[in-house]
Amino acid sequence: MKELSKITETFTESVIREMTRISDSMGGYNLSQGFPDFDSPEKIKIAAIAAINNNFNQYPVTFGEPELREAIADKVRRYNNISCNYKTEITVTCGATEAMIATLKAIINPGDEIIIFEPFYENYGPDGILSGATPRYVTMNPPLWNFDYEELEKAFNNKTKSIIINTPNNPTGKVFSKEELKFISDLCQKWDVYAVTDEIYEHILYDDNKHVSIASMDGMSERTITINSISKTYSVTGWRVGWAIAPARITERIRKIHDFLTVGSPTPLQHAASKALFFSDDYYKNLRLKYTESRDFLFNVLNETGFKPFKPRGAYYIMADVSDLWNIIKPTDDYDFSCKLIEKTKVATVPGFSFYSKSDKKTKQVRFAFCKKPETLNIVKELFSKYL
Ligand code: GLN
């Protein structure tokens, strides 16, 4: 038979989602994929049921129901200091995942380079390939996951079309500072580069860290695409309601890609999302408090069990160096470490290599997701103390 598409040979399936399947098949405790195992907020569920009963069950406006786009425009004005026109500058997509691929498809031509901070959320690798871009990686170094300004400066050139920013960052928990974003924005303006920023964890911040949207910085609104979703903030990762905010000339292109990829994100869930965006400040305060407790709890458990965790400043993941456990688990590489860890302890993690461009699986890091019930994290503590 004729061969299948060549491009699909150039990347693998998601390791994050594979680890969930392995965990499920073994009755494991899933600290691999970043989705909550606790209930979604009652109010958002009621809003979705009401939307279905109110007959919002047919195709939505392809680029997003007006009610949701208005709510998004209002929310980014309040929280992100971004002003945008909901009629021409927002595209509602099936999650931030579709927003990212549709954005890259809308701006990239073959041969264009994109800058990606490494480690990176694993989707950005295939996103880059599928859009035809050539990636250039800039390293973020533990424990604080800072990047070297000179290395970043050297990554920019005439071929650079875009830089992907993800703050708060998955998997490292880094929160990009105003100073770092200013440095990036100066380079974007110097080299005429688009900033594509994934801000899905914008409300999940610890200690005194503040979220800054690069689109709000001087000279950046015309060259920034801001991506977000309701998945993480409202604990509804299966709903697939996300969006991209961009100047009208870019939005026009994103909307075309989106329309032919998926037509639209589920209509009733868009209506429920538009209500969630008006939750009171208390909701966000409680979210932070809850995740701060989970972060501190898991961080201590990992420290006590011989992992060397890096404390996140935002998002809901902990990256940990596992070299001290290498002799106990006796793996051949990162992937094998995660597989053997789940066999030994029933706890599922994501092997570090999945967040790096090198495929040698030798990072000696794993990622834990702690968006889980206190009971789940407690069981993990018991399992680790029993088996490690
Ligand atoms: N963001 C989640 C993670 O990193 C997964 C998202 C997904 O699987 N679509 O685990």
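The values are calculated or read from the model by the stated rules, or taken from the named source; none is laboratory data. Note that the structure is predicted; figures quoted are calculated from it, not measured. Quick reminder, even Gly has a Cβ in these numbers, built from the backbone with ideal geometry, and neighbours come from all protein chains shown. Areas reflect the complete protein model, heavy atoms only, side chains present, ligands, DNA and RNA absent. Shrake-Rupley method; radii C 1.70, N 1.55, O 1.52, S 1.80 Å.
Projected label points at ASP296 and LYS178, each 7 Å from Cα along the beta carbon direction, are separated by 2.7 nanometres. For the chain, the residue among THR349, ALA47, ALA248 whose Cα projects farthest onto the positive side of the dipole built from Cβ charges is ALA47. Legend: calculated FRET efficiency, LEU130 to GLU3, from the Cβ-Cβ distance at R0 = 22 Å, rounded to 0.05, equals 0.75.
In this entry, the chain is assigned a mean projected area of 19.7 nm², taken as a quarter of its C-alpha convex hull surface. Solvent-accessible area of the chain (1.4 angstrom probe, protein heavy atoms only): carbon and sulfur portion equals 52 percent.
Only Cα pairs within less than 10 Å get springs; with that Gaussian network setup on the chain, which residue of GLU89, GLU151, GLU202 has the largest fluctuation? Maximum fluctuation in the GNM of the chain, among the listed residues, is at GLU151. Figure note: GLU65, GLU153, GLU293 ranked by solvent-accessible area, largest first, 1.4 Å probe, ligands and nucleic acids not counted: GLU293, GLU153, GLU65. For the stretch 8-56, the list of chymotrypsin sites (Phe, Trp or Tyr not before Pro) that fall in a loop by DSSP and count at most 15 other C-beta atoms within 10 angstrom reads PHE11, PHE38.
Cβ-Cβ distance of THR88 and LYS190, R₀ of 25 Å, FRET efficiency by 1/(1 + (r/R0)^6): the value works out to about 0.35. Could you please report the charge total around HIS271, scoring K, R as +1 and D, E as -1 over all other residues with beta-carbon less than 11 angstrom from its beta-carbon? Overall, the nearby charge balance is -1. Surface exposure of the chain, expressed per residue as accessible area with a 1.4 Å probe, stands at 44 Å².
Placing unit charges on the Cβ atoms only, positive for Lys and Arg and negative for Asp and Glu, gives the chain a dipole magnitude near 360 debye about its Cα centre. Within the listed set ASP360, ASP281, ASP192, the residue fluctuating most in the Gaussian network model of the chain (springs between alpha-carbon atoms under 10 angstrom) is ASP281. The heavy atoms of ARG240 present about 80 square angstrom of accessible area, all protein chains included, probe 1.4 Å. Per DSSP helix of 4 or more residues, -39500 (n - 2.57); summed, then divided by the residues of the chain. What does that give at 222 nm, rounded to the nearest 500? Rounded to the nearest 500, the figure is -12500 deg cm²/dmol. When you restrict to C-alpha pairs under 8 Å that are six or more residues apart and normalise by the size of the chain, the relative contact order lands at 25 percent. Going by accessible surface with a 1.4 Å probe and the largest first, SER216, SER229 read SER216, SER229.
Only one residue of LEU325, GLY95, TYR124 has its Cα farthest out toward the positive end of the dipole of the chain, where Lys and Arg carry +1 and Asp and Glu -1 on Cβ, and that residue is GLY95. With each label modelled as a point 7 angstrom along the Cα→C-beta vector, the ASN55-THR262 pair spans 2.7 nm. Mean sequence separation of contacting Cα pairs (under 8 Å, at least six apart), scaled by the length of the stretch 1-89, corresponds to a relative contact order of 14 percent.
Our summary gives the stretch 199-277 a relative contact order of 25 percent, counting only alpha carbon pairs under 8 angstrom and 6 or more residues apart. Normalised radius of gyration (Cα atoms, divided by 2.2 N^0.38 Å) for the stretch 156-281: 1.13.
Each DSSP beta bridge with both residues in the stretch 50-187 is either parallel or antiparallel, and the antiparallel ones are about 15%. Simple spin-label estimate for MET26 and PHE278 gives 4.7 nm between the two label positions (7 Å along the Cα-to-Cβ direction from each Cα). Shown is the FRET efficiency for LYS358 and LYS311, computed with R0 = 25 Å from the Cβ-Cβ distance and rounded to the nearest 0.05: 0.50.
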